[in-house]
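Presented below is the structure to which this report refers.
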Amino acid sequence: MPGGANQRVELTFNERLEAAYSTVSVWSSASARVDDGKILVGPDDPRRLSVGLPGLAPGIYTVKFRVLSVDGHLVEGTFPFEVRPRS
């Protein structure tokens, strides 16, 4: 991901999402928010939620999400991912 443009973290759920009540963010290991804040529920697939990223430096990042599906289920969680240096 370093130096990449137009990259996104994308999550896919089993149910369509309520866009107004669904959010996702990406955080560095220093607890700094690193995403661009441009959260989208996929216009072609309302089960997809994504947020844009700048080129990320190598390190561990955490994705945090909270979504409301159209059937009323609230789901939230976190998961880590790692950006490794290019070899």
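The values are calculated or read from the model by the stated rules, or taken from the named source; none is laboratory data. From a predicted model like this one, the values you see are computed outputs, not experimental measurements. Backbone-built Cβ (ideal geometry, glycine too); neighbour counts: all protein chains shown. The protein model used for the area step is the full one, side chains on, heavy atoms only, and it has no ligands, DNA or RNA in it. Shrake-Rupley method; radii C 1.70, N 1.55, O 1.52, S 1.80 Å.
Report yes if residue 76 is touching a Phe, Trp or Tyr at 6+ places or on another chain (Cβ under 8 Å) and open to solvent by 60 Å² or more (accessible area, probe 1.4 Å), otherwise no.
So residue 76 fits the description; yes.
Here is a check on your reading of the model: is residue 52 free of Cβ contacts under 8 Å to residues at least 24 places away in the same chain, open to solvent by less than 40 Å² (accessible area, probe 1.4 Å) and under 15 Å from the mean Cα position of the chain (by Cα)?
No; evaluated as a whole, the condition is false for this residue.
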